[in-house]
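The values are calculated or read from the model by the stated rules, or taken from the named source; none is laboratory data. All values reported here derive from a predicted model rather than from experimental measurement. Here the Cβ positions follow ideal geometry from the backbone for every residue, glycine too, while neighbour counts run over all protein chains shown.
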Amino acid sequence: MRILQFGRTGQVATAVQAAAGGTVEVIALSRADCDLQDPEAVRAAILAADCGLVLNTAAFTHVDPAEARPDEAFAVNAAAPGVMAAACAERDLPFVHLSTDAVFDGQTDRPYVETDAARPINVYGRSKLAGERAVLVHPKAVVLRISWVFSRYGRNYVSFMLRLAREREVLKIVADQFGTPTDGEALAAFLIATAPRWAAAANGDPAFGLFHFANAGETSRFDFAKAAIDRDPLAKARLERTSQAAFAEPAPRPPRSPLDTGKLQKVFGFRPEPWRTAVERTADRLVADPAARA
Ligand SMILES: NC(=O)c1ccc[n+]([C@@H]2O[C@H](COP(=O)([O-])OP(=O)(O)OC[C@H]3O[C@@H](n4cnc5c(N)ncnc54)[C@H](OP(=O)(O)O)[C@@H]3O)[C@@H](O)[C@H]2O)c1
């Protein structure tokens with residue numbers, strides 16, 4: 001089967017292309033092929049595509065710049081996915097879209113489930129929530145919320161922290177933000193493996209709807225970074241704990257936004273790997289091949 005994918009150079013986009021093969025082919029569109037700020041181009045790409053499923057990995061993912069550029073964030077993260085879902089509905093195609101833990105406010109004492117109230121606290125989160133709502137009107141839509149994505153590909157927290165730990169003497173890392181890391185390569189493998197099921201499913205199938213996808217276990221930003229940096233014999237930085245408040249970033253972050261993956265496990269039989277195992281494997285690969293770093 002063939003997947004039409006929005007996004008070619010991003011982290012998840014690259015991981016999905018690397019995971020494809022066998023019976024699943026991915027046609028990936030870059031920004032130059034189709035700008036998500038151009039609704040007509042988005043719709044035309046889907047109406048013209050010879051594919052059995054549409055996947056959107058593209059998004060305005062810059063959380064701080066989104067505060068100053070809300071129109072662009074909403075155009076890319078909300079309006080464009082809505083146009084994609086409508087075009088897929090016209091053609092009765094399944095549509096898989098990615099969202100984020102940033103739809104939550106982070107005021108929780110347990111991992112979030114899909115039915116918990118979403119209350120985003122920054123522009124990025126509000127734009128992604130608007131996108132989810134626009135997408136889920138299509139009966140064959142899938143929205144996977146993911147969080148703290150890392151992989152061997154693209155810009156991501158693990159590759160960034162590994163680089164800083166080699167460059168700096170002291171590395172201050174936020175220790176009061178908690179969540180569930182998501183192995184982007186496991187996500188890509190899941191998307192490729194599940195694509196034929198979505199393509200064959202009828203309206204009302206439990207494989208459609210909203211799901212949380214993440215690794216098992218919860219951690220802090222500090223321990224997430226440390227798990228990776230501890231694998232690099234050439235890391236020289238001394239790690240220091242700091243707070244979110246000390247960073248004074250333009251966009252507030254949810255302080256605690258772990259995702260519960262129970263629904264995903266029940267519907268797809270997916271077994272999430274402990275986050276530390278996946279982070280250590282990814283760090284080992286990045287340390288062995290520094291050219292792959294962001
Ligand atoms: N990374 C995370 O930690 C994380 C966490 C939770 C959820 N997510 C979600 O996961 C998905 C994939 O994220 P990612 O980590 O792969 O992000 P990424 O590496 O930042 O990639 C985003 C991609 O979107 C493309 N894009 C942005 N604006 C566009 C436009 N106007 N037209 C066409 N393409 C455009 C970018 O293209 P250019 O390269 O041309 O800029 C880039 O290739 C997104 O939906 C994101 O919200 C990510």
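Within the range 21-64, count every residue that is in a loop (DSSP other than H, G, I, E, B) and either in contact with a strand residue (DSSP E or B) (Cβ under 7 Å, 6 or more places away or on another chain) or within 11 Å of the ligand (Cβ to nearest atom) (or both). Break it down stepwise before answering.
We begin by selecting, within the range 21-64, every residue in a loop (DSSP other than H, G, I, E, B); these are 22-23, 30-38, 49-52, 57-62.
Pick out the ones that are also either in contact with a strand residue (DSSP E or B) (Cβ under 7 Å, 6 or more places away or on another chain) or within 11 Å of the ligand (Cβ to nearest atom) (or both) and you get 30-38, 49-52, 57-62.
Qualifying residue count, the range 21-64: 19.
The single residue among Glu249, Glu240, Glu273 that is closer than 19 Å to Pro111 by Cα and surrounded by fewer than 16 Cβ atoms within 10 Å (Cβ to Cβ) turns out to be Glu273. Filter the range 207-240 down to residues that are touching an Asp or Glu at 6+ places or on another chain (Cβ under 9 Å) and in a strand (DSSP E or B) and give me whichever is nearest to Asp183 (Cα to Cα). The residue in question is Ala216. Within the range 271-294, the residues that satisfy the criterion of being at pLDDT 95 or above and part of a loop (DSSP other than H, G, I, E, B) are Arg271, Pro272, Glu273.
Residue pairs whose Cβ atoms lie under 8 Å apart, sitting 6 or more positions apart in sequence or on different chains, and linking a residue in the range 154-180 that is more than 19 Å from Ala246 (Cα to Cα) to a partner that is away from the ligand (no atom under 15 Å from the Cβ) and assigned to a helix (DSSP H, G or I), are Val158/Ala283; Val158/Leu286; Ser159/Leu286; Leu162/Ile229; Leu162/Ala283; Leu162/Leu286; Leu162/Val287; Ala165/Ile229.
Using the structure shown, decide if Ile146 is more than 17 Å from Thr282 (Cβ to Cβ) and modelled with pLDDT of 95 or more. No, not satisfied.
Of the strands (runs of 3 or more DSSP E) lying entirely inside the range 90-206, those carrying at least 1 residues that are of a type in the set (D, E, K, R) and within 14 Å of the ligand (Cβ to nearest atom) are 141-146. The one condition from (1) on the phi > 0 side of the Ramachandran plot; (2) modelled with pLDDT under 95; (3) not hydroxyl-bearing (Ser, Thr, Tyr) that Arg155 does not meet is (1).
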